[in-house]
Every structure is written in structure tokens, then in C-alpha cells.
Amino acid sequence: MNIPRNEILTLGAGLAGAAVLAFLPLVTEGFWLSLSVNIMLYAAICTAWALFSGPTHLVSLASAAFFGVGTYSVAIFVDVLPFPALILIAVAAGALLAILVGLATLRLSGVYFVIFTLGLAELIGQIVTWVQTNFGGAIGLYVFTDFTETHLYWMLLALTVVVFLTGWLVNRSRLGLALRIIGNDEAVARHVGVDTARARIILFAVSGAFIAVAGAIMAPRYSYITPDAAFNPMTSFLVVIMALLGGTRRLWGPLVGVVPFTVVMDFISGHFPNQTAVIMGLAFLAIVYVLPDGVTGQLETLFRRRCSLDKSSLATTAEEGR
Amino acid sequence: MSVPLLTINQVRKAFGGLVAVNDVSFEVAKGELLGLIGPNGSGKTTMLNLISGALSPTSGNILLSGQPIAGLPAHKIARIGVARTFQLVRVLPSMSSLENVVAGAVFGHNKVWGDEALTLARDLLERVGLKGREDVPVAAMTYIDQKRIELARALAGNPHILLLDEWLAGLNPSELRIGMELIREISAQGRTIIMVEHVMDAIRSLCQRCVVMNSGVKIADGKSASVLADPEVVRAYLGDEDDA
Ligand SMILES: Nc1ncnc2c1ncn2[C@@H]1O[C@H](COP(=O)(O)OP(=O)(O)O)[C@@H](O)[C@H]1O
Ligand SMILES: [Mg+2]
């Protein structure tokens, strides 16, 4: 299949951008580098989240579950296996969890799916706590590595690039078309021959595996891993807020939300630590209410409306000319 | 006689206490254009839903070329070769008209992809009278154009059998003429079709044979002219129908 010229250009620009970003740790450190790690973390997770939730319109609050599973993949095996192997374990664990959740939630839609996925992170966190206090002796696990913020940044940048490439490939594939059809009308999807369950589960697994890898990469930063931190439901909510703020119609949509929101959140949690949850809740409501398609979706709609006005006037003149 | 393309054998569908399709049997030969008629609520749409896999029957068999399909999931039945349109038109609103038709070509009985799918979709759009409208978002289209999209999407799967649920409903007289001509053409090319319809003129002029349902029961099956003159059929329609 031939790749359209504008997609080649976008791809080139994206890779060039990533290459430039790779130099960032050489020119900055401390606060700004930490902030960049956070931005890169949410860039990866939100884009991965939108791979599934964008086309299917199913809002998943399972991000914390995948993230935690990835973090624990590292925490459990860090002393016995090299880091790349830990990443692979996180991939497998995230994908497996996603497949199980996918199978369990096949018949759920809308708010039921949201609630199930929210409960899931909480449940797994509780199970891990229970196992650790009964069999592990301590509530947490230590993760000591030689990684600096720079390493984490580079790994997250690489992950983000892989997520984008995957998203791009999916969009060009039958799976991507299948998901767009499902997002439009699931009954039609089934009647044109789409195995809706399979498509949903495959994409959820891809998305979940990426989020688990993000969790694995972040484990060294925490150094002492507890279930509360690894399975923090706040992660799930932040991901949804940022991705929806940016918009999920385009692959790069969530980025538009991640960058400003991470900066603002960093400021807020630094200056008003006790009000963070309230402010997040308000932000969430505002986004869903005011910008259901996100910033990018809103702009696109405006743009398209202007274009189609021009086009439809053309079409009518052509019609009359017949 | 050879095996019929589609065999409906003692098919029943109950929704709780309501029996929407009550042990109905009929056959459809390859290449036939069968009319399925009956007053509102007589179970026609339910019958199509059972064939397409939107619903699974409470009991009974459905065979396509001898292969049992009753109770299979809709996507499997679509891949075996059943395509349909919906009584309340269902397009894919966020996609262009070309993409809507491509959707029918990629996963169904046909399974084409890439340029092949695009070419097929363009041809079909032209065939249903939407040439030059490939890039229009379907949400902005008129009702009849959306129905055309649905028809093209169903044809894109190159199905063994095409199910049309009141595809002609809601068209104005001139659109109706165009629509009937389109169905006649598709049938003339050898496509097997079951059309559920309320427009009696269309049934008379398009369908050699029709099956009549009333309250879930098949009450007549035969040559359209004689079936439509059948006193029981007339009575069923007069009961609650306005255009009989
Ligand atoms: N999904 C459903 N659940 C419950 N009852 C249904 C369902 N679908 C159809 N029915 C009922 O079955 C009967 C037949 O409906 P339908 O097949 O739509 O009739 P028709 O297409 O001939 O107008 C109606 O009484 C309708 O209310
Ligand atoms: Mg009906």
C-alpha cells in the first residue's frame, strides 16, 4: 500500500521532533528535567489510553491498574533480572490483564465500563496489599537502580515514539478501520463482519501493555514501591482529563492536553496540595461539559464547518450546472 | 430441484411472552427477489434480524446453502454472505461516504483491502447514484442519500443474499421510482434479495413471489398477484393498514 505524502511528512516531522527532544537532558536538569519526565510520562500513557478509548468511546479508568502492574513487574524481579527483561514482563502482564478485563467487560458499555475499570485498579491494589502483608512481611518493595532522571526521560521518550508509531500503524490497518466503525455504530460493525469483541480486546491489550511499560519505567523513581502509590486512582483520572482536554480524534490530540495540564498540575500540587483533588474534579467536569471533543476536536469542527460551507456551495452550483 | 439458497425452517422468536415470529418456514431460491410483507408489528424486521444474526432464534433452523447459520454471531453470518440495510437507516456518521462503503467491503464476505476496496466502493457509489459525493460526510446527507450509502455498503460485501428492511420507505414519488429501478437492476444482476416493504406497488412490480406475515405467523406464500388478492391477506392489511 502506498503511504500518502502528508503522512510521510508528519511522520518525518514527528521523528525529527523526538530527536530534538532527546537532547533536552543535555541542556537542562533538576526541576525542569523532572517536569519533562512527568510530561513525557503522561504523553506516553495518554496517547496509549486514547488508542483504545478514542475510537471506541469507552472511557477506561484502568490506567492505574496497568501502571501498577508494570511498576510491580519491576519491583518484584528487579534483583534477579536485567531491566529489558522487566520491560517485557510488564508488557506481558499489562496485556494479559487487559485481555482478562476485556473479556469480562465485553457486554459492558458506557458508565458500567467506567465503573468496572475504576473498581479494578482498587481491587488489584487491595490484593497486592493483602498478599504483601500476609506473605511478604512488609507493605512495600525496594527498587534500587542506577537510573537517573535522564535515563527515565529517554526511556519514556522512546516509549512515546513507539506508542505513536503503533497508533499510526493501527490507524492504517484493518483493525483501525474496524475500531472506527465500532465507535460509530457497533451494530453496523457486526453486520459488516467486524468481530467487535476481538478488535476491542486486541486494542485494549496494546493500550494496557504500553501503560504497564510506563509504570515499569517509573518504578526506579519511586525506589520504595507501595500499592497505594503504584495503583493510585489519581493516575487514571489524570490520564482521562488530559487526553480528553487534548481530544482523542487524532493520534496527537492528547499531547495538546498533556503539556499544559502537567505544567499547571505541577504548580497546583506544589502550591495548593490540599485542594488538588477538588481542582482536578472541577477541571474534569469543565472539560466534559465545555469541550467534549477536546481542544483539537473543537478546532477541527470549526475548521471543517468553514470548509464544508465552501464545499457545499460548490456542490450546489455543480448540481445546478448539470 | 437444487438446494434453496436460504431455508427458514420452523423459526420462532419469543420476547418473553410475545411471540414475534411463530414457527415460520419458507425458502428462497438463488437469484430470487422475495417480498416479505405484513402489517406493522407482524414480525418482518424480527425475521430479518434472525437471518442476519442480530437476534438468535428461540427455536428452528436457518440454512444458507445448506449451512446452518441460526444463532451464529452477526459478524460470522456477514462473513458467510448475508448483508442488510436497517429499517431506521444506520450510517457511520463520522465517516465519509466512501469510507462508509469501504466499511462494507473489508470485513464481510468480500474481504478486500486498500486500493481494491476503494475502487469497489467508488464503483458502488456510482451505481447507487452518488458519483462525485465520495468525500461528503454522511451526517450531512439527505435521507435518501443515506439509504443509498447503506445499500452500497451492503453490496460492498458481495453477499449471497441481501436483506432490505423497508428500504423504499420515506421516499417521495420520484425517489421511489429511482429506488425501485435500482433494486430491479441489482436483482437483474443475479443478486438474491429479500425485501421487507410496505409500498405495495413496489412489491407488485418487483417481486414475483411474496411471503405475508401477520402477528408472527406466515399467512400466505406465493405469486405476488394471487397472494395480494388473497382475502386473508387483504383482511390482515385492512385491520390496521392505511395504504392497502
Ligand atoms: N427486541 C425486541 N424486544 C421486544 N419486543 C420486540 C423486539 N423487537 C420486536 N419486538 C416486538 O415484536 C413484534 C414484531 O416486531 P417487528 O418485527 O419489528 O415487526 P415489523 O417489522 O413487521 O413491523 C412487535 O410487537 C415488536 O414490539
Ligand atoms: Mg419492521
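The values are calculated or read from the model by the stated rules, or taken from the named source; none is laboratory data. What you see is a predicted model, and the numbers here were worked out from it, not measured in a lab. Cβ sites come from the backbone with ideal geometry, for glycine too, and all protein chains shown count toward neighbours. Quick note on the areas: whole protein, heavy atoms, side chains included, nothing else; ligands and nucleic acids left out. Shrake-Rupley method; radii C 1.70, N 1.55, O 1.52, S 1.80 Å.
Odds and ends about this structure:
- Residues within the reach of a label modelled at A:ARG107 (point 7 angstrom out along Cα to beta-carbon, backbone nitrogen below 17 Å), restricted to the stretch B:45-60, are B:54-58.
- Cα centroid separation - the stretch B:126-193 against the stretch B:35-77, whole Å: 22 Å
- Under the combined filter of DSSP loop state and at most 14 neighbouring Cβ atoms within 10 Å, the stretch A:1-101 retains these chymotrypsin sites (Phe, Trp or Tyr not before Pro): A:PHE23.
- Contact order normalised by residue count of the stretch A:5-291, Cα under 8 Å, 6+ apart, percent: 35 percent
- Accessible-area order (highest first, 1.4 angstrom probe) of the listed residues A:TRP252, A:TRP130: A:TRP130, A:TRP252
- Distance between modelled label sites at A:GLU122 and A:ILE268, nm, 7 Å Cα→Cβ extension: 2.2 nm
- Comparing mean-square fluctuations of A:VAL239, A:VAL290, A:VAL59 from a GNM of chain A with C-alpha springs under 10 Å, the top value falls on A:VAL290.
- Normalised per residue, the accessible area of the stretch A:5-291 is 46 Å², obtained with a 1.4 Å probe and no contribution from ligands, DNA or RNA.
- Rolling a 1.4 Å probe over the protein heavy atoms of the stretch A:5-291, with every protein chain left in place, gives an accessible area that is 71 percent carbon and sulfur.
- Three-way shape call for the stretch A:204-270 based on the alpha-carbon gyration tensor, with the a/c threshold at 1.5: oblate
- Going from the isolated chain to the complete set of protein chains, the stretch A:193-220 loses at least 50 Å² of heavy-atom accessible area (1.4 Å probe) at A:GLY193.
- Residues of the stretch A:174-188 that bury at least 50 Å² of accessible area once all protein chains are present, compared with their chain alone (1.4 Å probe, heavy atoms only, ligands and nucleic acids left out), are A:ARG174, A:LEU177, A:ARG180, A:ASN184, A:VAL188.
- Nearest 10 degrees, 0 to 90: helix A:196-222 Cα axis against chain A principal axis: 40 degrees
- GNM on chain B, alpha-carbon springs under 10 angstrom: the most fluctuating residue among B:ALA229, B:ALA220, B:ALA20 is B:ALA229.
- Whole-number percent relative contact order across chain B, with pairs defined as alpha carbons under 8 Å at least 6 apart: 25 percent
- Cα gyration tensor of chain A - equivalent ellipsoid semi-axes, whole Å, descending: 35, 23, 20
- Considering every alpha-carbon pair of chain B, the percent of pairs per 10 Å bin, from zero through the bin containing the longest distance, is 8, 32, 37, 20, 4, 0.
- Diffusion coefficient, µm² s⁻¹, Stokes-Einstein with Kirkwood Rh over alpha-carbon pairs of the stretch B:43-151 at 37 °C and 0.692 mPa s: 220 µm²/s
- Residues of the stretch A:186-224 falling in the label zone of A:LEU88, defined by backbone nitrogen less than 16 Å from a point 7 Å along Cα to beta-carbon, are A:213.
- Spatial separation of Cα centroids for the stretch A:148-208 and the stretch A:257-278, in angstrom: 29 Å
- Shape category assigned to the stretch A:55-106 from the gyration tensor of Cα positions, a/c cut at 1.5: prolate
- On chain B, 52 percent of the accessible area sits on carbon and sulfur atoms, based on a 1.4 Å probe.
- Förster-model FRET efficiency, 56 Å R0, B:VAL217 and B:THR119, C-beta, rounded to 0.05: 0.80
- Cα pair distances exceeding 44 angstrom across the protein assembly as shown, given as percent: 32 percent
- The C-alpha atoms of chain B define a longest principal axis, and helix B:115-127 lies at about 60 degrees to it.
- Inter-label distance for A:LEU100 and A:ARG305, nm, one decimal - labels placed 7 Å from Cα along Cα-to-Cβ: 4.7 nm
- With the convex hull of its Cα atoms as the shape, the stretch A:86-126 has an orientation-averaged projected area of 3.1 nm².
- Chains B and A, summed buried accessible surface - 1.4 Å probe, Å², nearest 100: 2100 Å²
- With the gyration tensor restricted to C-alpha atoms of the stretch B:169-224, the semi-axes of the equivalent ellipsoid amount to 21, 15, 9 Å, longest first.
- Entry comment: accessible area of the stretch B:36-151 is 37 Å² per residue, from protein heavy atoms only and a probe of 1.4 Å.
- All lysines inside 26 Å of B:LYS44 as judged from Cα atoms, apart from same-chain residues fewer than 8 positions distant: B:LYS13, B:LYS30, B:LYS76, B:LYS147, B:LYS218, B:LYS223
- Degrees, to the nearest 10: A:149-172 long Cα axis against longest axis of chain A: 30 degrees
- Sparse packing (at most 11 other Cβ atoms within 10 Å of the Cβ) combined with a DSSP loop state is found for none of the trypsin sites (Lys or Arg not before Pro) in the stretch B:162-198.
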